[in-house]
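The structure appears right after this line, and notes come after that.
The values are calculated or read from the model by the stated rules, or taken from the named source; none is laboratory data. Just so it is clear, the structure is predicted and the values come from calculations on it, not from any experiment. With ideal geometry, Cβ positions are generated from the backbone for all residues, glycine too; neighbour counts draw on all protein chains shown. Just so you know, the surface numbers come from the protein's heavy atoms only, side chains and all, with ligands and any DNA or RNA stripped out. Shrake-Rupley method; radii C 1.70, N 1.55, O 1.52, S 1.80 Å.
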Amino acid sequence: SPWLSSPLFSCVMRATLLFVALAGALILLSSSASAFSLSPASLPSISSQHSLPLRRCPAASSAVTPLRMSSSTDAADNRRGFLQLAGAAAVALVGTPAFAADATPVPGIVMSVLKVIGGGSADEFASFDAATDLTGVDADIYKAYKYASVKCPATEDPRASLRGLFQSKVGDGVYKWGTENGINPKVYDARGDGMTNQGKGGAIKGVSTLLSGYKKKGLLKDFTVDSSKHNEDLWLQGNPTSLTVTVTGASGVGASKAVKDLGLLESLAASGLQGYFKQVKLFANFDQTIEGDKETLEISLSWAGKARQKGTLDRRAADKLNAARAYQEKL
């Protein structure tokens with residue numbers, strides 16, 4: 001028949017036979033009773049350049065490695081190993097996926113704070129022009145902070161500005177968002193019980209817990225916490241201390257420099273930590289440095305209320321001195 005001798009029929013038959021062969025291999029692989037496994041010695045090694053070197057076979061060497069029968073347990077291990085090998089091969093071919101942070105809660109938190117303390121509104125914000133070359137999450141964060149810089153303007157006397165209150169409330173909001181999403185660092189009084197909570201894992205560990213939670217949520221890529229400058233004995237006597245936190249690939253880090261030019265601090269890590277430190281009765285100051293996607297925070301810590309108490313005592317002493325001088329002048 002002309003059809004049987006045609007090239008098309010030959011191609012169809014070859015494709016059919018190939019499909020049958022592949023199906024048979026899969027059925028054989030998935031069998032739980034027994035399976036054939038190749039000896040590792042029979043697999044050629046793959047060079048780093050993914051090329052197979054050509055070697056001359058020694059005359060005395062065996063050209064074929066025999067197949068061995070495996071038990072049902074071995075078959076399961078072989079199937080598992082095959083799947084792991086296939087997965088590794090897929091990753092090698094496709095490549096490791098680039099890090100992509102989830103949507104950050106910061107812009108929404110900023111807006112909720114501004115509605116309370118700065119008179120912000122969703123309608124006004126929607127029409128607010130914040131020209132920037134940033135894109136995506138960075139652009140959203142920059143617009144929110146640009147709007148905040150207008151609603152909470154800088155003043156000649158910092159005490160008259162709402163910016164300090166704004167930053168504090170954003171910190172509260174970011175920390176609260178974390179607790180609502182399962183991020184719960186240890187809360188206690190870190191003044192009398194120390195930064196290590198008498199070795200039980202205190203505020204220093206709490207910093208790592210908080211940042212680890214953000215990492216699991218996809219909001220940052222990696223972080224380190226350096227507490228080498230901390231002296232627990234001096235801290236328990238009421239002396240200040242400091243920590244260095246380095247964060248890589250945080251969501252919104254691209255907007256941090258631009259926001260810093262507005263006179264505000266934009267940092268997911270710093271905001272969350274500020275809220276946490278308030279919970280453990282500490283006062284914190286943050287010095288931020290940005291290099292690419294790497295953010296370094298130098299954090300100065302002191303007992304909350306201690307500075308205020310000292311200022312009150314100094315003021316009372318000065319009042320008593322002035323009263324004594326006034327009394328002496330009347331004599």
The condition of being in contact (Cβ under 8 Å) with a residue 40 or more places away in the chain, out of contact with any Leu (no Cβ under 6 Å at 6 or more places or on another chain) and either among the charged types (D, E, K, R) or not in a helix (DSSP H, G or I) (or both) holds, among ASP193, ASP123, ASP138, ASP129, only for ASP138
How about region 195-223: which of its residues are closer than 30 Å to GLY238 by Cβ and of a type in the set (D, E, K, R)? LYS200, LYS205
Based on this model, can you work out whether LYS151 counts as out of contact with any Pro (no Cβ under 6 Å at 6 or more places or on another chain) and touching a residue at least 24 places away in the same chain (Cβ under 8 Å)? yes
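For region 122-131, how many residues meet the condition of being of a type outside the set (A, V, I, L, M, F, W, C) and surrounded by 13 or more Cβ atoms within 10 Å (Cβ to Cβ)?
1
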Can you confirm whether SER121 is modelled with pLDDT of 95 or more and of a type in the set (S, T, N, Q)? no
Would you please name the residue that is farthest from VAL280 (Cα to Cα), looking only at residues in region 187-214 that are buried (at least 17 other Cβ atoms within 10 Å of the Cβ) and of a type in the set (D, E, K, R)? LYS205
Please determine whether any residue of region 141-151 is buried (at least 19 other Cβ atoms within 10 Å of the Cβ) and either among the acidic types (Asp, Glu) or not in a helix (DSSP H, G or I) (or both). no
Cβ contacts < 7 Å: first residue assigned to a loop (DSSP other than H, G, I, E, B), restricted to region 228-251; second residue exposed (fewer than 14 other Cβ atoms within 10 Å of the Cβ) and at pLDDT 95 or above, any location; separation 6+ or different chain. Result? PRO240/SER300; GLY249/ASP222
Could you look through region 266-299, keep only residues that are surrounded by 19 or more Cβ atoms within 10 Å (Cβ to Cβ) and charged (D, E, K, R), and pick out the one that is nearest to PRO158 (Cα to Cα)? GLU266
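For the subset of region 287-321 comprising residues that are of a type in the set (S, T, N, Q) and modelled with pLDDT of 80 or more, which member is nearest to the chain's Cα centre (by Cα)? Talk me through it step by step, then tell me what you get.
Step one: of region 287-321, the residues of a type in the set (S, T, N, Q) are 288-289, 296, 300, 302, 309, 312.
With modelled with pLDDT of 80 or more added as a condition, the list becomes 288-289, 296, 300, 302.
Working: GLN288: 17, THR289: 17, THR296: 14, SER300: 22, SER302: 26 Å.
Applying the filter and picking the extreme gives THR296.
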Give me the residue from region 154-176 that is touching a residue at least 24 places away in the same chain (Cβ under 8 Å), open to solvent by 60 Å² or more (accessible area, probe 1.4 Å) and not in a loop (DSSP other than H, G, I, E, B) and, out of that set, farthest from LEU114 (Cα to Cα). LYS176
Among GLY263, GLY249, GLY254, which is more than 22 Å from GLY201 (Cβ to Cβ) and open to solvent by less than 20 Å² (accessible area, probe 1.4 Å)? GLY249
Given (1) open to solvent by 60 Å² or more (accessible area, probe 1.4 Å); (2) modelled with pLDDT of 95 or more; (3) more than 30 Å from SER227 (Cβ to Cβ), identify the lone condition not met by LEU114. (1)
